[in-house]
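The values are calculated or read from the model by the stated rules, or taken from the named source; none is laboratory data. Just so it is clear, the model here is predicted, and its values are computed rather than measured. Glycine also receives a Cβ, built like all others from the backbone with ideal geometry; neighbour counts cover every protein chain displayed. Protein only, heavy atoms only, side chains kept; ligands, DNA and RNA dropped before computing areas. Shrake-Rupley method; radii C 1.70, N 1.55, O 1.52, S 1.80 Å.
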Amino acid sequence: MFSFKFKNFKLLNQIIIFKSKFLFFNIRRKNLKIFKYFDDRRIGSIPRTFLTSIFVIFSFYYIPSIIEFTNKQFANNEEFQNNSKAILAYTLNKKNSGISDNENLNEKDLLIDIFSLNDLETDTVRLNASTIKQLFEDTDYKLDDVRETKLVKPVALTLLPAEIKMIESTKKRKEFFIQIVLPLILKENNNIRLDRKTLFNIINKSSNTQLEKKWLEKKYKQYGVISKDLSILKIRMDEVPVSLAIAQAAKETGWGTSRFAQEGNALFGQWTWSGEGLKPKEADENKGHKVMKFNVLQASVRAYQRNLNTHPTYENFRLARAHLRDKGKKLDSIILSQFLDNYAETGNQYVEVLQKIIQQNNLQDFDDAKLLPSSVELESLI
């Protein structure tokens, strides 16, 4: 663009020089007697300097307008390359075309299934910590076994116990928190995995049924893909590493002890300006944001994953995840956490905290964990 404008400027400059010579030639002819009068009195430089000054001022005043007009004329004739086929090639051939998945989002479409999940679970019962521990024992649900077998019992709790903050042992409190949130995270990843399987089946077919087209329309809205680009949908519709989700939940809730987690089932501290939420005590009154409130923990996990998978802030996170997929590598939470520096105001310090939580608590042991099926539909995922 710079070289293009520079060439235009050179062309205009040559035209101006040519016109100036022509103008001065005419002036010289028409006003020869006047100049001769001043020359005879040895003050001929005065009228020449005066006329030259007027011309220079005139040129500098109108040149910018001339250049702008010329550039607009050229710009209207520019040819723009259509990259839609190149973008689709990324989906089919796994080649990164430098695409961006940044699109405008409709919050209502993005969260409609999350609101529905909230509405289904309004009369939930909060179990106390001792009852939950007994439930884990009765189902033989132990983290040591999960680390070894990679299988997780489908124990889905709707609320955090209030007594979790009273567990004195830090190690036991952390393990208890992980036991609660692990099945919830795996369940949402399973839902996404099933959707990806459906998406790939659709992509690999030469034609699609009306039912498949309706499913696609629903997912375009759910993931905020206004352009209906399959490659963007593929990038957005993907899992969040289990260890990363646990680490963020632990950081945002103080391992389940925060007011937002206890009163609003907010495991990830997501903000809202329009929905129901809890007002932070230290928040600036002029900001007007609240921490999003949920009726059940599962809705909080789903909203968190939808946030990472759709919000423009996390576009680089999604592209890095897609790059790992294309290379046939596992979704490494340490690598992907580097792209969440905008999740909190502390930036890179927040990333460092997440990585420490992951490493110190060996959370990557759970990345390969599978949720034992509670239905026939999920058996194929084990």
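Some points to look at:
- Any hit, the stretch 302-320, residues being open to solvent by less than 50 Å² (accessible area, probe 1.4 Å), of a type outside the set (A, V, I, L, M, F, W, C), in contact with a Pro (Cβ under 8 Å, 6 or more places away or on another chain) and not in a strand (DSSP E or B): no
- Residues satisfying the stated conditions in the stretch 327-347, i.e. at pLDDT 95 or above and polar (S, T, N, Q): SER333, SER337, GLN338
- For first residues located in the stretch 236-257 and within 13 Å of ASP365 (Cβ to Cβ), partners that are among the charged types (D, E, K, R) and lie 6+ apart or on another chain with Cβ distances below 6 Å form the pairs PRO241/ASP367; VAL242/ASP367; SER243/ASP367.
- The residues on offer are ASP140, ASP144, and the sole one that is at pLDDT 80 or above and assigned to a loop (DSSP other than H, G, I, E, B) is ASP140.
- Per-region count, the stretch 204-237, residues open to solvent by 70 Å² or more (accessible area, probe 1.4 Å), within 26 Å of the chain's Cα centre (by Cα) and aliphatic (A, V, I, L, M): 1
- For the stretch 320-354, residues that are within 14 Å of the chain's Cα centre (by Cα) and more than 19 Å from TRP255 (Cα to Cα) total 9.
- Annotation: LYS251 fulfils all but one of (1) at pLDDT 90 or above; (2) in contact with a Ser or Thr (Cβ under 8 Å, 6 or more places away or on another chain); the unmet one is (2).
- Yes/no for LEU135 being surrounded by fewer than 16 Cβ atoms within 10 Å (Cβ to Cβ), closer than 21 Å to GLN298 by Cα, among the hydrophobic types (A, V, I, L, M, F, W, C) and more than 32 Å from the chain's Cα centre (by Cα): yes
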